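Encoded as structure tokens, the structure appears first; notes follow it.
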Amino acid sequence: MIIENMTMEEFAAGLEKTRTVIVPFGSTEEHGTHLPLATDTMHAVTVAEKLSQRRTIFVAPPVPYGVCRSSSQHPGTLSIRTETLKMLACDIGTTLYRQGLRYLVFLTGHAGGTHFATLQDAGEALLEKHEDLQIAVLTEFMLAMDRGRELIETAGDSHAGEIETSRILHSHPELVKGTAPKEFPQFPKGILVRNKRDYWPGGVWGDPSKASPEKGEAIEELVLQGLDELIDRLEAMP
């Protein structure tokens with residue numbers, strides 16, 4: 001049940017069937033020269049909506065902005081502050097709770113460490129505020145890496161590499177503009193740098209040349225299975 005497409009009567013009727021909702025979080029962030037800026041949001045929305053076709057759940061409107069530090073100087077990246085993301089996530093969680101939802105999944109397609117930690121902070125705050133609310137916070141990429149391990153050829157593959165390119169080749173092939181060279185960022189360990197593009201010029205973390213729509217389809221299915229199982233566990237929480 002896609003909340004933004006529902007009427008208020010349909011929403012009320014949906015609450016009689018489920019109290020579970022997925023909130024897709026993404027980013028507007030560079031993904032090399034070949035993938036769209038909305039890649040992370042597309043990952044989370046695609047999986048959430050496809051899962052809603054398999055089981056009765058609500059899918060909230062996506063949040064297309066995230067905390068993007070390493071890519072902040074690349075063209076097209078629109079980053080927000082951690083404070084903004086936390087307040088937004090807390091407000092969304094609270095209003096969903098007031099509307100009757102009790103099982104909340106923050107599913108983020110953007111896997112940046114600071115971004116993810118901020119969503120976890122928001123989840124912890126919501127747990128303290130609402131005693132009968134159950135919350136899961138996870139990155140969509142976490143499931144792809146874990147369950148798709150045997151399909152991935154590139155060691156250390158991550159941002160705009162083999163995995164993400166395969167996923168978009170499958171879900172939105174018309175938005176893929178060719179490929180990009182294999183690349184890994186070279187940030188100095190433990191040192192914060194101002195000129196981030198000097199250490200990561202192409203904005204790719206992995207090898208897009210190893211991507212294929214077939215891999216993308218297989219990885220997507222594994223992610224769907226993992227998310228389905230996680231919601232089973234969440235709904236079984238006391």
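For region 177-187, the condition holds for no residue, the condition being that it is under 16 Å from the mean Cα position of the chain (by Cα), β-branched (Val, Ile, Thr), under 26 Å from residue 73 (Cα atoms) and at pLDDT 95 or above. Could you say whether any residue in region 77-90 is of a type in the set (A, V, I, L, M), within 23 Å of residue 229 (Cβ to Cβ), surrounded by fewer than 16 Cβ atoms within 10 Å (Cβ to Cβ) and touching a strand residue (DSSP E or B) at 6+ places or on another chain (Cβ under 8 Å)? No; the residues of region 77-90 include none that is of a type in the set (A, V, I, L, M), within 23 Å of residue 229 (Cβ to Cβ), surrounded by fewer than 16 Cβ atoms within 10 Å (Cβ to Cβ) and touching a strand residue (DSSP E or B) at 6+ places or on another chain (Cβ under 8 Å).
The residues of region 91-116 that are surrounded by fewer than 16 Cβ atoms within 10 Å (Cβ to Cβ) and within 13 Å of the chain's Cα centre (by Cα) amount to a single one, 113. Cβ separations smaller than 9 Å between residues 6+ apart or across chains give the following pairs from region 86-104 residues that are in contact (Cβ under 8 Å) with a residue 12 or more places away in the chain to residues that are assigned to a loop (DSSP other than H, G, I, E, B) and of a type in the set (Val, Ile, Thr): 88/80; 101/18; 103/18; 103/57.
The residue list 149, 197 contains one member that is surrounded by 12 or more Cβ atoms within 10 Å (Cβ to Cβ) and not polar (S, T, N, Q), which is 197.
Residues that are outside any loop (DSSP other than H, G, I, E, B) and touching a residue at least 60 places away in the same chain (Cβ under 8 Å) within region 198-223 comprise 208, 215, 218, 219, 220, 222, 223, listed in sequence order.
The values are calculated or read from the model by the stated rules, or taken from the named source; none is laboratory data. Since the structure is predicted, the reported quantities are computational estimates derived from the model, not experimental observations. FYI the Cβ positions are ideal-geometry reconstructions off the backbone, even for glycines, and counts take in every protein chain you see.
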